[in-house]
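First comes the structure, then the notes that go with it.
We did not get these values from a lab; they are worked out from the coordinates using the rules stated. Since the structure is predicted, the reported quantities are computational estimates derived from the model, not experimental observations. With ideal geometry, Cβ positions are generated from the backbone for all residues, glycine too; neighbour counts draw on all protein chains shown.
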Amino acid sequence: MRRVVVTGIGVISALGRDRESFQKALHEGQCGIARIKGVENYDLRFSNGAEVKCYDPLEHFEPKTADMIDRFAQLAVVAAREAVCQSGIEWTRELRETSAIVTGSCVGGQATENQGFYDVYKMGKTRVHPMTIPKTMANAGASAISLEYGITGPAFTISTACSSSAHAIGQAFSLVRSGMSEVALTGGSEAPFSHGILKAWEAMRVVSPTVCRPFSKDRNGMILGEGAAMLVLESFDHALARGAKPIAELVGFGMSSDAHHITQPSAEGAAKAVRMALQCGGIAPEQIGYVNAHGTGTTVNDITETTALHLAFGDHAKHLAISSTKAMHGHTLGAAGAIESAATILALSTGILPPTIHFNECDPECDLDYIPNCPREADIEYGISNSFAFGGLNAVLVWRRV
Amino acid sequence: MAEDLNQEDLTQRILRIIAETQRKDPATVTIDNSFEELGIDSMDGVNIVFALENEFDINVPDEEVKNIRNVRDMVEGVRTLIAQRNAPATS
């Protein structure tokens, strides 16, 4: 088995349109949540979201290209460009032929689909735009990245709701670890703001009317977010041979299915994914210092995740520094695992752990250290990123500082 | 729509909706049941409230949905919301 390292990170989110602004916001505990501007949400019970601000497609794409790909796929390409740029990879013919692209997305180009259906059902039009299908497909991000670089190796997309991009990174990890590919571009993207989707989230009654307060006793739900994060994964030897500087090592990946309930999480299922990730990397629970929690800010998730951490880590759970960065960048669904992996890597590599902002009050049922409100300096070698999806599909990644 | 406030009719309509949404025999759903006894979890509760909102043209706040855990409270909550809907505007 090969060692797998990260040599490039790209992020675009409510915390800014590049990695640097993302890192700065995490270190300062900034909040990216604001009143939703991209959708006329006059009849919703909530009005806040974590949108990417001041995003102009024409700053990133030729007008014709911008018309051909949905916002979620554009965000994937923007993040991929930043990651590739940082990695310093030069695309030789051989590398193009063998490199992999694995992306995650939950709802794909739903805004495009929403517009097409609105035209038909509401406006009585008899035709929708011919690009509706290729703009909507969940793999549009992977395909756009493939076209961008001329990469012809294994490329696919995983859709497992809020675990999508964690599962995607896990699959890319397997491809590089096994030697099938030397390099993989992997991560996820999401742009879930359209009237129809927001109404569907409203109906589930899990969205906060205010802000996301993970693990705080007065938490009242999640905040939807959009964005993308992409990583360049590379075999350690390949990175070394071309003189690249690894930022972090991906040492373990675990996944499980709750087989419990379509929306209610299971502590045992989540704990199993954590245990499997540690086992995969040959890591003892006591070696983990930081947890980037799934931490959605719903009543049930945060209690269940706390229980899961107790189950997986035993006595060591109380020594873990845990934060949910969703309070800052929102719940980006299929991009969450990638954006939060980026946050985890940056926390380990800079020695500054992002806080759980908007934390007001301890909950007796959430009895661990959630790094409330203030970032914390810490010298930590190993951290995990948790993703627990609706449908009970769990994915956990173990990252190591290098 | 004063007939909506007839307690017995209202109760029966709500019991019927609970039974229909949960695909249960109506005879097994009574006003004295807790949601736990009926095997109704939080997502089921959200689904029932969706049906009740459509049936009675009311809007149930998120917080109310979280707090209701038995049939009697649900009937009471719906009755209150219908009364509020029917009340003449005060300003």
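The table below gives the values:
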item: Table column - 3J(HN,Hα) (Hz), region A:341-352, Karplus curve with 6.51, -1.76, 1.60, x for Gly and Pro; result: 5, 4, 4, 5, 4, 5, 5, 5, 6, 9, x, 10
item: Compactness of region A:101-213, expressed as Rg and Dmax over alpha-carbon positions, Å; result: 17.0, 53
item: Anisotropy class of region A:176-322 from Cα gyration tensor, a/c 1.5 cut; result: oblate
item: 5 Å binning of all Cα-Cα separations within region A:189-267, expressed as whole percents from 0 upward; result: 3, 10, 12, 13, 15, 16, 10, 9, 7, 5, 1
item: Distant-in-sequence amide H partners of A:V291 (H built 1.01 Å from N, under 5 Å); result: A:A321, A:I322, A:S323, A:I384
item: Per-selection Kirkwood Rh - chain B (Cα, Å, 1 d.p.); result: 13.3
item: Mean Cα-pair separation over length for chain A, i.e. relative contact order, pairs under 8 Å, 6 or more apart, %; result: 24
item: Charge dipole of region B:38-91 about the Cα centre (unit charges at C-beta), most positive-ward option of B:I40, B:T80, B:L52; result: B:T80
item: Cα Rg over Rh - region A:45-90, Kirkwood; result: 1.09
item: Dipole magnitude of chain A about its Cα centre (Cβ charges: Lys, Arg +1; Asp, Glu -1), debye to nearest 20; result: 520
item: Gyration tensor verdict on region A:275-385 (Cα atoms; rounded if a/c is under 1.5, prolate if a/b is larger than b/c, oblate otherwise); result: rounded
item: Check: chain B dipole with +1 on Lys, Arg Cβ and -1 on Asp, Glu Cβ, in debye; result: 40
item: Reduced Cα scattering model of chain A, Debye log10 I(q)/I(0), q = 0.09, 0.10, 0.12, 0.14 Å⁻¹; result: -0.47, -0.58, -0.85, -1.17
item: For region A:244-290, radius of gyration divided by Kirkwood radius, i.e. Rg to Rh on alpha-carbons; result: 1.11
item: Table column - 3J(HN,Hα) (Hz), region A:169-174, Karplus curve with 6.51, -1.76, 1.60, x for Gly and Pro; result: 4, x, 6, 4, 4, 4
item: Likely footprinting exposure, A:W201, A:W91, A:W399, fewest C-beta neighbours within 10 Å first; result: A:W91, A:W201, A:W399
item: Computed helical MRE - 222 nm, chain B, DSSP H runs ≥ 4 contributing -39500 (n - 2.57), nearest 500; result: -18500 deg cm²/dmol
item: J(HN,Hα) series, region A:2-17, from Karplus relation 6.51 cos²θ - 1.76 cosθ + 1.60, nearest Hz, glycine and proline x; result: 7, 7, 10, 10, 9, 10, x, 9, x, 9, 9, 7, 5, 8, x, 9
item: Relative exposure of A:D363, A:D237, A:D56, judged by other C-beta atoms within 10 Å (fewest first); result: A:D56, A:D237, A:D363
item: Gyration tensor (alpha-carbon) shape descriptor, region A:1-71, a/c threshold 1.5; result: oblate
item: Average Cα contact separation per residue, region A:59-174, under 8 Å, 6 or more apart, as relative contact order %; result: 37
item: Amide H contacts of B:D41 (H built 1.01 Å from N, under 5 Å, at least 5 apart or other chain); result: none
item: For A:F253, distant residues with modelled amide H under 5 Å away; result: A:C280, A:G281, A:V398
item: Set of aspartates and glutamates with alpha-carbon distance to A:K326 below 13 Å, sequence-local pairs under 8 removed; result: A:E51, A:E226, A:D302, A:E340
item: Charge dipole of region A:259-402 about the Cα centre (unit charges at C-beta), most positive-ward option of A:A267, A:L333, A:P354; result: A:L333
item: Listed residues A:M204, A:M255, A:M328, most fluctuating in chain A (Gaussian network, C-alpha, under 10 Å); result: A:M204
item: Electrostatic dipole magnitude of region A:319-402 [Cβ: Lys, Arg +1; Asp, Glu -1; Cα centre; debye, to 20]; result: 380
item: Region B:1-87: trypsin sites (Lys or Arg not before Pro) in DSSP coil with no more than 15 other Cβ atoms inside 10 Å; result: B:R23, B:K24, B:R69
